[in-house]
Amino acid sequence: MPHTRRRLGIAAAAAGNSIFGFSFMFSRMALAVATPYVMLMYRFAAAFLVLGLIGLWAKRTGQQGWLRFDLRPRQAAPLLLLGITQPVLYFLCESYGISLTNATVSGVIIALVPIAALGAGALLLRERPTLAQIGFAFLSIAGVVLMTLQQTAQGDVQPLGVLLLLGAVASAVAFNLLSRKQSARYSVLERTVVMMLVGAVTFTGLAVWENAGQWHRLVQPLGSPAFLGAVAYLSLLSSVVAFLLLNYANTELPVAQSTVFCNLTTVISLLAGAVFLGEPFGIVSLPAAVIIVIGVWGVQRQPKV
């Protein structure tokens, strides 16, 4: 049974991060119509609505395991920090960090998440990786760096942007650590519902503040079929399904193993852009993608000490 659960955790981490890989394409579609805060408001409000209904059904029918939902307001307080780290702080730091740097710098810094998580897991959760795992994790990052450096990056790199991107890395690591630690008390569904609630409240507040006095900007995007389609993917798949999968993976896998899959997002994003948007696929992209996959495979293959 533990071996089966581990394999399910690996599959969940791979599937969740693959879904995230397509989210960049759909985010660009939505941002052509709405501002980032408005897009995020609809994304997480819709995700919370769907997960809230699932939670009510799970509680009424007495579901157990990862679908258990028996959460009272006071019990949810420890999960608020989980929602603050992801999606709130991560999305804010990543969005503003990218706007103040360029594609190369942002890609390289975000790729540091697995190594940072590996170190944090060893220090805080005593999940000590093997030397082979560390080596394969660095190999995966090298693939991301190689893939990112081939891009033609324009724009200034401001120190504040670098700090914000490092903040995004810290937020991603904190999310995985908290989700892993809280998995002993809270189910996958309970953790994900609170995350979407915090995201919905925060980004709705920011969207209202941003558009105060110009309320039509909040509803105008709803007239765009492209926006509605993009938000449907971002809310139902990138938020509901993907975060359920990641929280499940954090329940079954050490942090070092669950986070290394985030580098697959780079591969999927590049392939999606090339296939669906006609974006260039450089000669270095294929070997870089192979390096990333080998690195991810190696981290999973090596047993934890």
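Numbers for the structure displayed
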{"item": "Highest-fluctuation residue, A11, A242, A212 considered, GNM on the chain with Cα pairs under 10 Å", "result": "A212"}
{"item": "Highest-MSF residue in the chain out of T259, T35, T202 [GNM, Cα springs under 10 Å]", "result": "T35"}
{"item": "Distance between modelled label sites at V219 and V162, nm, 7 Å Cα→Cβ extension", "result": "4.7"}
{"item": "Backbone N within segment 198-241 under 19 Å of label point (7 Å from V275 Cα along the Cβ vector)", "result": "230, 233-234, 237-238"}
{"item": "Rounded FRET efficiency, nearest 0.05, which uses the C-beta distance separating L8 from R126 and R0 of 30 Å", "result": "0.80"}
{"item": "Length-normalised contact order for the chain - Cα pairs under 8 Å, 6+ apart - percent", "result": "41"}
{"item": "Order of Y233, Y248, Y90 - criterion: other Cβ atoms within 10 Å of each residue's Cβ, fewest first", "result": "Y233, Y90, Y248"}
{"item": "Segment 30-60 and segment 209-243: distance between their alpha carbon centers, rounded to Å", "result": "9"}
{"item": "Which of T130, T204 has the fewest Cβ neighbours within 10 Å, and the rest in rising order", "result": "T130, T204"}
{"item": "Fluctuation leader among A58, A249, A13 - the chain, Gaussian network, Cα springs under 10 angstrom", "result": "A58"}
{"item": "Where N is the number of residues in segment 237-305, Cα Rg divided by 2.2 N^0.38 Å", "result": "1.30"}
{"item": "Under the span-like rule (Cα at least 20 Å along the axis, Kyte-Doolittle mean at least 0.0), DSSP H helices of the chain", "result": "2-31, 36-61, 131-149, 159-182, 188-210, 285-301"}
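Bear in mind these aren't lab numbers, they're just calculated from the coordinates by the rules spelled out. This is a predicted model, so every value here is computed, not measured. We place every Cβ from the backbone using ideal geometry, glycine too, and count neighbours over all the protein chains shown.
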